[in-house]
Amino acid sequence: MAEIHQPHHYQPQQQHHLRPGDAMKGMFSEENQEGPSTSKVLAVVTLLPIGGFLLILAGFTFVGTLIGLAVSTPLFVIFCPVLIPAAIVIGLAVAGILTSGAFGITGLSSLSWIANYLRQTRAPEHMDYAKRHVQDKAGYYGQRAKEMGQNVKEKAQETGREVTARAQEGSGA
């Protein structure tokens, strides 16, 4: 029986109002009997320590920057004529705060990505559709290449016959 493949259409999902505890409920419910997949376990195992480390690093950087500002503020008052070192210290403080924020955002975004990855559902039908599409295109272009090879072979044979005929006319004349 021939199977007709129709392209999948995007159907918008209905918006549901979630309570705070509903976000992670699908991961731990009794409906999920087979457990998490290997890729989800690897994602958690690798990204959870990285995210935690980056958050700790962000905290240390922020605290170090605040301590540096607290120590350097009295120096600004005492040595106010010396503006070049003050500008350097301010520049380093701003760089420290920005670095701290970058580490914090990176850590939080990786933890957010883990949560979203664990909550999402797999869609193998999209992969099947893409696989069929690639196979169809490969078959089409394979057939086209075969036809082009046949055309080249026919033209080569035709040209060979013409060259042979001209050579026989030239030797016979």
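The values are calculated or read from the model by the stated rules, or taken from the named source; none is laboratory data. What you see is a predicted model; the values in this text were computed from it and never measured. Note that we place each Cβ from the backbone using ideal geometry, even for glycine, and neighbour counts take in every protein chain shown. Side chains included, ligands, DNA and RNA excluded: accessible areas come from the protein's heavy atoms. Shrake-Rupley method; radii C 1.70, N 1.55, O 1.52, S 1.80 Å.
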Checked Ile56, Ile50, Ile67 against criteria (closer than 22 Å to Leu118 by Cα, at pLDDT 55 or above, surrounded by 10 or more Cβ atoms within 10 Å (Cβ to Cβ) and not assigned by the TED database to the domain that holds Val89); the one match is Ile50
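Working only within the range 93-107, note down all residues that are open to solvent by 100 Å² or more (accessible area, probe 1.4 Å) and more than 14 Å from Phe53 (Cα to Cα). Even if it seems obvious, please write down each step before you answer.
Our first condition is that a residue be open to solvent by 100 Å² or more (accessible area, probe 1.4 Å); within the range 93-107, this holds for 98, 105.
Selection gives Leu98 alone.
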Across the range 66-92, what is the number of residues that are out of contact with any Ser or Thr (no Cβ under 6 Å at 6 or more places or on another chain), assigned to a helix (DSSP H, G or I) and over 21 Å from Leu54 (Cα atoms)?
18
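Quick one: is Ser100 touching a residue at least 60 places away in the same chain (Cβ under 8 Å) and of a type in the set (S, T, N, Q)?
no
Here are Ser171, Ser110: which of them is touching a residue at least 60 places away in the same chain (Cβ under 8 Å) and either part of a helix (DSSP H, G or I) or surrounded by fewer than 10 Cβ atoms within 10 Å (Cβ to Cβ) (or both)?
Details: Ser171 fails: touching a residue at least 60 places away in the same chain (Cβ under 8 Å).
Result: Ser110 is the single residue among Ser171, Ser110 that is touching a residue at least 60 places away in the same chain (Cβ under 8 Å) and either part of a helix (DSSP H, G or I) or surrounded by fewer than 10 Cβ atoms within 10 Å (Cβ to Cβ) (or both).
Take Ala95 and tell me if it is modelled with pLDDT under 85 and in a helix (DSSP H, G or I).
On the way: modelled with pLDDT under 85: no; in a helix (DSSP H, G or I): yes.
No: the conditions fail for Ala95.
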